[in-house]
Amino acid sequence: HEIRTPLNAIVGFSRLITETDNDSEQQEYLTIIDNNSSLLLQLINDILDLSRIESGHISFAYEMCNMNELMDDVYNTHRLLMPQGVELRKKVPETPAIINTDRIRLTQVLTNFINNATKFTTQGYIEIKYEYSSDNRFILLSVRDTGKGIPTDKIQQVFERFQKLDEFAKGTGLGLAISQSIIKTFKGTIQLESEEGKGSKFTVSLPY
């Protein structure tokens with residue numbers, strides 16, 4: 001169903017272009033085709049990504065990673081992309097954690113969380129943060145927002161494939177499923193806390 005929807009738009013509006021002589025209408029249809037082609041490509045890439053991770057056919061490039069530097073990179077990439085009225089905040093400990101991880105894949109997870117937060121946050125802030133657990137055995141990475149939040153009965157569903165709480169929001173509905181697979185590969189966990197009207201917080205716990 002998720003693949004058929006953008007494909008139907010591409011086929012349908014391509015046919016309409018051949019039947020109309022109006023340049024402005026044609027341009028509108030071409031834009032729709034272009035948007036749906038991009039969605040379809042992203043969807044296929046996400047499906048392949050998920051299947052490769054879960055089948056173990058994707059290799060992770062582990063290296064020693066300074067978490068303060070990684071957070072700086074993520075912050076600098078996203079701070080100018082925030083919706084109007086939303087501030088991106090960052091909190092890191094003074095003493096950087098050095099962990100053995102795949103930097104690109106961990107950045108992908110954080111990016112998924114931030115992109116998710118920007119879809120549902122229209123004012124306030126999004127905060128990226130990491131800290132040491134009280135027993136120093138884990139690194140706790142979190143992305144908190146002041147967005148619309150998630151109903152309690154929907155919290156368990158957000159990590160399911162193709163699950164979109166807002167059908168009109170951009171995305172394939174696979175970002176959180178991919179994130180969970182990556183974090184499982186790192187032998188970590190993801191927790192979600194959310195309250196309708198107040199916001200959400202995703203927390204990744206990684207062995208330290």
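The values are calculated or read from the model by the stated rules, or taken from the named source; none is laboratory data. For clarity, every value in this text was computed on a predicted model and none was experimentally measured. With ideal geometry, Cβ positions are generated from the backbone for all residues, glycine too; neighbour counts draw on all protein chains shown. Just so you know, the surface numbers come from the protein's heavy atoms only, side chains and all, with ligands and any DNA or RNA stripped out. Shrake-Rupley method; radii C 1.70, N 1.55, O 1.52, S 1.80 Å.
Look at the stretch 117-140 and say how many of its residues are charged (D, E, K, R) and assigned to a strand (DSSP E or B).
3
Look at the stretch 15-54 and say how many of its residues are closer than 30 Å to LYS184 by Cβ, touching a helix residue (DSSP H, G or I) at 6+ places or on another chain (Cβ under 7 Å) and without any contact (Cβ under 8 Å) to a residue 60 or more places away in the chain.
Looking only at that region, the number is 1.
Between residues in the stretch 91-104 that are touching a residue at least 12 places away in the same chain (Cβ under 8 Å) and under 22 Å from PHE60 (Cβ atoms) and residues that are surrounded by 13 or more Cβ atoms within 10 Å (Cβ to Cβ) and aliphatic (A, V, I, L, M), which pairs lie under 7 Å by C-beta distance while being six or more apart or on different chains?
What qualifies is PRO96/MET67; ALA97/MET67; ALA97/ILE139; ILE99/MET67; ILE99/ILE139; ILE99/LEU206; ARG103/LEU70.
So GLY56 fits all but one of (1) at pLDDT 85 or above; (2) over 24 Å from VAL158 (Cβ atoms); (3) open to solvent by 40 Å² or more (accessible area, probe 1.4 Å); what number is the exception?
Just one mismatch for GLY56, condition (1).
Here's the yes/no breakdown for (1) modelled with pLDDT of 90 or more; (2) buried (at least 16 other Cβ atoms within 10 Å of the Cβ):
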{"site": "LEU110", "(1), (2)": "yes, yes"}
{"site": "THR122", "(1), (2)": "yes, no"}
{"site": "ASP153", "(1), (2)": "no, no"}
{"site": "THR172", "(1), (2)": "no, yes"}
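So the check is Cβ under 8 Å with 6+ separation or different chains; which pairs have a first residue in the stretch 63-76 that's open to solvent by 10 Å² or more (accessible area, probe 1.4 Å) and a second one that's part of a helix (DSSP H, G or I) and not aliphatic (A, V, I, L, M)?
GLU63/ARG103; ASP73/THR107
Looking at the stretch 91-108 only, could you name the residues that are more than 15 Å from the chain's Cα centre (by Cα) and either surrounded by fewer than 16 Cβ atoms within 10 Å (Cβ to Cβ) or not polar (S, T, N, Q) (or both)? Spell out how you get there, then give the answer.
Quick first cut of the stretch 91-108, residues more than 15 Å from the chain's Cα centre (by Cα) only: 91-103.
Scanning the stretch 91-108 gives LYS91, VAL92, PRO93, GLU94, THR95, PRO96, ALA97, ILE98, ILE99, ASN100, ASP102, ARG103.
Kindly establish whether LEU88 is open to solvent by 90 Å² or more (accessible area, probe 1.4 Å), hydrophobic (A, V, I, L, M, F, W, C) and within 21 Å of LYS201 (Cβ to Cβ).
In short, no.
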